[in-house]
Amino acid sequence: MARSDRPTRPTSSRMARPSLRASTRRVMRPDGPPTDEIPLWTAPDGVERKTAQAVIDLAMRAGVAMLSTGAAAADVTATVLVLTKAYGLASVHVDVTYTSVTVSYHRGPDADPVTVMRIVRFRVQDYTRLERLRALIIDLSRDPVDVAEARVRFDAVVTAPHPYRRWLVTVAGGALAAAAAGLVGAGPFIILLSFVTAAVVERILAWLTGAGIASFFAQCVGSAIPTIVATLVVVAQSAGVTFFGDVSPSLVVASGIVLLLSGLSIVGAGEDALEGYYVTAGARAFEVVVLSLGIAVGISVVLAVGQRLGYPIAISPYTLLSDNVLIQVVCAVVISVAFAVISYATGRAVAIAGVAGGLGWVVLAVAERGELGSIAASATAALFIGFASRLVARRLAFSSLAVTTAAIVPLLPGRMAYQGISEIVTQPSGAGFSTGIATLTQAFGLGLGLAAGVSLGNYLAGLLVGKRQGVRPRLATGATLPTDPAPTGASTAPVLSDTGGARAGTGEGSRDA
């Protein structure tokens, strides 16, 4: 009745306007859903509970082993999803933090889920074992054998001996410190002294780790040893011992700092942050801060005692990137190769790490001479290292993580960190404190630049590789989903970053909560 009371309009107008609206709706309506389809549990996948438990246990152990040997959280998540999908488990959720891995298998609304959590009790840099784990995961994803047989193969990988003898690793640690000293202008005596001191530090750190000493206190002891050696050189100079000539003992401390900093997970923290695993990235970054504080404490105590006894260690005025760039490039190559050996990288990765370290130092030299500034130049060199290493990792079958981590070690601000600590300790006045804090802040900025540069380069190369393979990259937490659905044939499956040869289908993976 109310409709009849309204004034009528011409029939042509009434018919034209709905037609126009319908036409507009047809034009404005999208062809697909406004966002990616949300994965929903639809039906049981037919896997028995006993089999599912065995698969999850295997995937959990593989994820923990990868996280323990230095893999990024995104690779750990992809590993678990690759394995579970290969054995028919469709609805699997993974949560990775720096100290634990949780896997939950959703069996439907009428069945209890299978959820397992394991704690990561130790962490070592063992890139040979990490590469073997990745190769095993890819083999199982392509040819899923019986779970019991897969478990035997997995145990064989994780229990395999290290590829290098302990004495070779000790020599590599000494060579790393010696090359770091040569990189900042040390003479033959300081280079030899740095080698011996670093070898002693390497053995003592191994003993402290085996004895269960906390990493913070181990870093304190490790940084105190080269500082004590440098102080003894100052004492010898004060006593008239001059057979070793005019030397700068502070370079012994600087080279020792580079050795201790090289073991920190700077690259891993940057990669986790870019991938959206903020809890894991925050934990890695805080660990770097705590262990760096341990280095500062060990150096500060010895410097304070030496200052009180009247034996201060002077800071060398030597500036990096002198005219003899060739020697610096050689030192950078030696440092990268030595760290790759310390981290138990494979022979191919060791050789490529040396090449990447040398090229990275050349990029740094060019960037600094182009007046980019120390932080921007370091970030540029690190970005080049990360991008180039990731691009050739798949073709040459090596771990890009091992190469990038080793190649940025020559760029670590060891001497700058020592200079800031020394300024605070040897100049207790307000001016010394402000100067030291400014220097340490600059060293911290260099470290952030290195982490951001190598992680961004690695990430951009991963996007390029994924585009070539037709694989859409994983979205980081908080990223905006695309408006249109993925093109036909594209996949959003997680891919192992260093290989790109395994996919997890449509399995679900949750990030840090």
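The values are calculated or read from the model by the stated rules, or taken from the named source; none is laboratory data. All values derive from a computational prediction rather than experimental measurement. Cβ atoms come from the backbone with ideal geometry, glycine included; neighbour counts cover every protein chain shown. Side chains included, ligands, DNA and RNA excluded: accessible areas come from the protein's heavy atoms. Shrake-Rupley method; radii C 1.70, N 1.55, O 1.52, S 1.80 Å.
A few points about this structure:
- Computed from the C-beta positions of residue 99 and residue 239 and an R0 of 41 Å, the FRET efficiency is 0.25 to the nearest 0.05.
- Couplings for the stretch 210-222, taken from phi via the Karplus curve 6.51 cos²θ - 1.76 cosθ + 1.60 with θ = phi - 60°, read x, 7, x, 6, 4, 4, 4, 6, 5, 5, 4, 5, x Hz in order; Gly and Pro are left as x.
- Residue 460-residue 304 FRET efficiency (beta carbon distance; Förster radius 60 Å; 0.05 resolution): 0.85
- Accessible surface, 1.4 Å probe, highest first, among residues 139, 146: 146, 139
- A simple spin-label model places the labels of residue 196 and residue 297 3.0 nm from each other, with each point 7 Å out along Cα-to-Cβ.
- Positive minus negative residues near residue 255 (Lys, Arg vs Asp, Glu; Cβ under 15 Å): 0
- Length gained on full extension, residue 57 to residue 278, computed as 0.36 nm times the residue gap minus the Cα-Cα distance: 77.0 nm.
- Note on residue 142 and residue 324: the model spin-label points, each 7 Å out from Cα along the C-beta direction, lie 4.9 nm apart.
- Full extension of the chain between residue 435 and residue 149 gives 96.9 nm of extra length, using 0.36 nm per residue less the Cα-Cα distance.
- Here's how it looks for residue 115: its modeled amide H is under 5 Å from those of 105, which are all 5 or more places away or on a different chain.
- Surrounding net charge for residue 63, when Lys and Arg each add one and Asp and Glu each subtract one, Cβ distance under 10 Å: +1
- Cα→Cβ-extended label distance, 7 Å offset, between residue 110 and residue 371, nm: 7.6 nm
- A Förster radius of 35 Å combined with the Cβ-Cβ distance from residue 213 to residue 392 puts the calculated FRET efficiency at roughly 0.35.
- Per-residue SASA entry for residue 117, accessible area with 1.4 Å probe, Å² rounded to 10: 120 Å²
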